[in-house]
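The numbers here are math on the coordinates, done by the rules we state, and not lab data. Quantities reported herein were computed from a predicted structural model and do not represent experimental measurements. Cβ coordinates were reconstructed from backbone atoms using ideal geometry, including for glycine residues, and neighbour counts include every protein chain displayed.
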Amino acid sequence: MIFGKKKQSSTEVPSAQAQQIAEQQEVSEAFSKGITALRDFIAPSSIEFNYSFFRIGTRIARTYYVYGYPRQIYTGWLSPLINIDEVVDLSFYIYPIDSQVVLDNLRKKVTQLEAGIQLEQEKGKVRDPGKEAAVQDAEEMRDKLQVGEERFFRFGMYFTVYASSMEELEFVSHKIESLLGQELIYSKPASSQQEQGLNSTLPQFVDQLQIRRNISTGALSTSFPFTSSDLTDDKGILYGINMHNSGLVIFDRFSLENGNSVVFAKSGAGKSFLVKLEALRSLMLGTEIFIIDPENEYERLCEAVGGSYIRLSLNSNTRINPFDLPKVIDVDEGEDALRSNLIVLHGLLRLMMGGAQAQLIGGSSTLMPALSPTEESDLDTALIETYAKAGITNDPLTHASPVPDMADLYETLLHMGGSGPQLAQRLRKYTSGTFAGIFSQQSNIDINNTTVVFNIRDLEDELRPVAMYIVLNYIWNKTKADQKRRILVVDEAWQLMEYEDSANFLFSLAKRARKYNLGITTISQDVEDFIGSRMGRAIVANASMQFLLKQSPTAVDGLAQVFKLTAEEKKRLMEFPVGQGLFFAGSNHVHIQVVASPTETSLITTNPKPIQANGSPINSPAPNPSNQTNVT
């Protein structure tokens, strides 16, 4: 027989080549079509693992494991880590253990500890408090396990921190280690196991580090991770979304020490939107709303809820008489009604006759008094005499008589001695001169409505502070007459803070508002002048609720000092998108995103852009809680 190599069929070679060519064409077509899977969208561009850190795309990260716990841990011990203003992935692994196995191990451990203690006593050694505490804890756990009061678990805790640079990573790592160290909780980087650490903190339930600690049911319950800053109340209105934990910020402003609030933001940051949304939702709970509107921003809201929209201008027929007295029911309040209104009129007339204006010069407040002591005395006499001519005295029974007006005061000053005629000349422009009519005749408005808006946009600049002062007093008298739950919104309040008398009056209202079930909302974009004055700071201190939206860099330092902001909060305050800010309620504060339904947005927005289905203007920035802590 002749043995030789089998000759390859001539048809096999072309067939193999054709198959290879077909595969290459298929790969080329798939590549050209750009076919991708879900993992191609979520996978980073690259991952590089080092000894104590790893790079994932353009970010640098490090995974830690917790290896040491104190003898006792308390509810909320994770709160500092959950609420930290950094990007952190946190994972827990909990493995239940059969109670009988634990009981057997505890019995052996107690026997060993007691034998060791007895041996040391026989040798005359000093007692070891650590061993005695361990025996006590073990016996207590045995009792609880035996009756089913406790169970036992193996507990692993890992977290991964992220940063943009190596310097930032070291800073954040030290910050978190220090926070945990204050609670006697000790952590270490997963050295040479960063890949396993990343896999253990990803949401895929793979515990590749396997560093665990025995823990009981009671101790495990304290590690409940959803303990971030929360301002959710059982009652109240929805203000927005808590950006720390995506929870709802539902709050009742009248549940605090007082119902006052302040809102600070630069123009276009969303402060009016926030206040209008609060007013709209408060109306649904039966709260009445008064608004001083200097820029005609609240008309659409007022019309939508069937409110009263009152335009104040020299050309309108609206009249408000500052001499009106409140219709009070309490006898004690009635006896002080005339005296209180005289004090208010003193401040108003100083404002009208030149105004004790407070100017900030070199950081200090300089007063320019409008009236001399003699003029003050003559004015007081004229006011009392003007009321007396109308038959009104301190007796509450006389307060039902028709009240005088500014023209009556002018006549009294004109015909009295001393400085009366000179004061009358200074007042004449409000009675028969350029500004006559609007505040020198009997009131012809009725604010018996759940929503009342006073529009002062068309008033001259000189009349605006006077109008705001008179309207505030008119609302205050209404509030004292029937003490319903009300919110008074003072927009662009910085115009009142320019004058000492009007600033004092606003502060007086803020102090006394709670007694009459009134909450005052003060809005200002001129933050520096507002908090730079003594009265401005006092109004802020007397508000139990504050909102800080996006600020200009020049205002941040002053706000940080007043509100005791951290360095991270100062940084965020300049970078917040529209509708985001810090919400302070009492001693707590959170990062909040204001949200509204499409219907609400259509009623309150001043943005000319079209409205999306989610209620926000098209092309507006979407909520992005970039520093939200992820919990696996």
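Could you give each residue of region 178-187 its phi-based ³J(HN,Hα) in whole Hz, using Karplus coefficients 6.51, -1.76, 1.60 with θ = phi - 60°, and x for Gly or Pro?
5, 4, 6, x, 5, 8, 6, 10, 10, 10
Stick to the Cα atoms of the chain, pair each with every other, and give me the Kirkwood hydrodynamic radius in Å at one decimal.
So the Kirkwood estimate lands at 30.6 Å.
Report the full-extension gain for the segment Asp446 to Asp336: residue separation times 0.36 nm, less the Cα-Cα distance, to one decimal in nm.
Taking 0.36 nm per residue and subtracting the Cα distance, the gain is 37.2 nm.
Normalise the Debye intensity by I(0) for region 157-241, one equal point scatterer per Cα, no solvent, then take log10 at q = 0.12, 0.22 Å⁻¹ and round to two decimals.
-0.56, -1.27
Would you mind getting me the FRET efficiency between Asn105 and Glu295? Use the beta-carbon distance for r and R0 = 60 Å, nearest 0.05.
That gives a FRET efficiency of 0.25.
For region 530-564 and region 253-319, write down the distance between their C-alpha centroids in whole Å.
With region 530-564 and region 253-319 each reduced to a Cα centre, they are spaced 21 Å.
Cα-Cα pairs above 21 Å in region 521-603: how many percent? Walk me through the numbers on the way to the answer.
Values: 1029 of 3403 pairs.
In whole percent, the long-distance tail amounts to 30.
In whole Å, what are the extents of region 47-221 along the principal axes defined by its C-alpha atoms, from largest to smallest?
Between the extreme Cα coordinates on each principal axis of region 47-221 lie 62, 36, 29 Å.
So the label point goes 7 Å from the Cα of Arg534 along Cα→C-beta, right? Which residues of region 458-502 then have their backbone N under 16 Å from it?
Residues 497-502 fall inside that zone.
Return P(r) of region 35-126 (all Cα-Cα pairs; 5 Å bins starting at 0; whole %; ordered from short to long distances).
Once binned at 5 Å, the Cα pair distances of region 35-126 give 2, 8, 9, 11, 13, 11, 10, 9, 9, 7, 4, 3, 2, 1, 0, 0.
Limiting things to C-alpha atoms, what are the Rg and the maximum Cα-Cα separation (Dmax) for region 417-559, in angstroms?
17.2, 56
Taking a threshold of 26 Å on the Cα-Cα distance, which of the pairs Lys389/Lys511; Lys271/Lys571; Lys235/Lys276; Lys175/Lys571; Lys515/Lys564 fall above it? Each step should come with its number before you reach the end.
Details: Lys389/Lys511 33 Å; Lys271/Lys571 19 Å; Lys235/Lys276 19 Å; Lys175/Lys571 17 Å; Lys515/Lys564 29 Å.
Long pairs (Cα-Cα over 26 Å): Lys389/Lys511; Lys515/Lys564.
Within 10 Å, count the other beta carbons around each residue, average over each peptide in 536-547, 44-55, 380-391, and list them highest first. Walk me through the intermediate numbers first.
Details: 536-547: 20.8, 44-55: 12.9, 380-391: 17.7.
Listed from highest to lowest mean packing, they are 536-547, 380-391, 44-55.
Can you tell me the FRET efficiency between Gln19 and Tyr67 if r is taken as the Cβ-Cβ distance and R0 is 51 Å, rounded to the nearest 0.05?
The calculated FRET efficiency here is 0.35.
Do any chymotrypsin sites (Phe, Trp or Tyr not before Pro) in region 190-284 lie in a loop, going by DSSP, with at most 13 other beta-carbon atoms within 10 Å of their beta carbon, and if so which?
Here the chymotrypsin sites (Phe, Trp or Tyr not before Pro) that fit, given the DSSP loop and packing criteria, are Phe205, Phe226.
Which of the lysines could a cross-linker span from Lys131 if the Cα-Cα distance has to be under 24 Å and same-chain partners fewer than 8 positions apart are dropped?
Lys108, Lys109, Lys123, Lys144
Loop-only chymotrypsin sites (Phe, Trp or Tyr not before Pro) in region 423-497, please: DSSP not H, G, I, E or B, and at most 12 other Cβ atoms within 10 Å.
Here no loop site has a sparse enough neighbourhood.
With unit charges on the beta carbon (Lys/Arg positive, Asp/Glu negative), name the residue among Pro70, Met141, Gly197 whose Cα is farthest towards the positive pole of the charge dipole of region 47-221.
The residue sitting farthest along the positive end of the dipole is Met141.
Each residue of region 529-545 in order: what ³J(HN,Hα) in whole Hz does its phi give by Karplus 6.51 cos²θ - 1.76 cosθ + 1.60, θ = phi - 60°, with x for Gly and Pro?
Karplus-based 3J(HN,Hα) across region 529-545 equals 5, 5, 7, x, 9, 4, 5, x, 5, 5, 5, 4, 5, 8, 9, 7, 10 Hz.
Take every DSSP beta bridge whose two residues both sit in the chain, then give the antiparallel share in percent to the nearest 5.
Of those bridges, close to 65 percent are antiparallel.
Quick one: P(r) of region 387-478 from all Cα-Cα pairs, 10 Å bins, percents rounded to integers, in order of increasing distance.
14, 37, 36, 12, 1
Using DSSP to call loops (not H, G, I, E or B), can you name the trypsin sites (Lys or Arg not before Pro) in region 94-150 whose Cβ has at most 13 other Cβ atoms within 10 angstrom?
Those satisfying the criteria are Lys123, Lys125, Arg127.
Evaluate the distance, in nm, between pseudo-label points positioned 7 Å from the Cα of Arg59 and of Arg485 along their respective Cα→Cβ axes.
Roughly 4.3 nm, to one decimal.
Over all distinct alpha-carbon pairs, what is the Kirkwood Rh of region 145-192 in angstrom?
Values: mean 1/r = 0.0743 Å⁻¹.
For region 145-192, inverting the mean 1/r across all distinct Cα pairs yields 13.5 Å.
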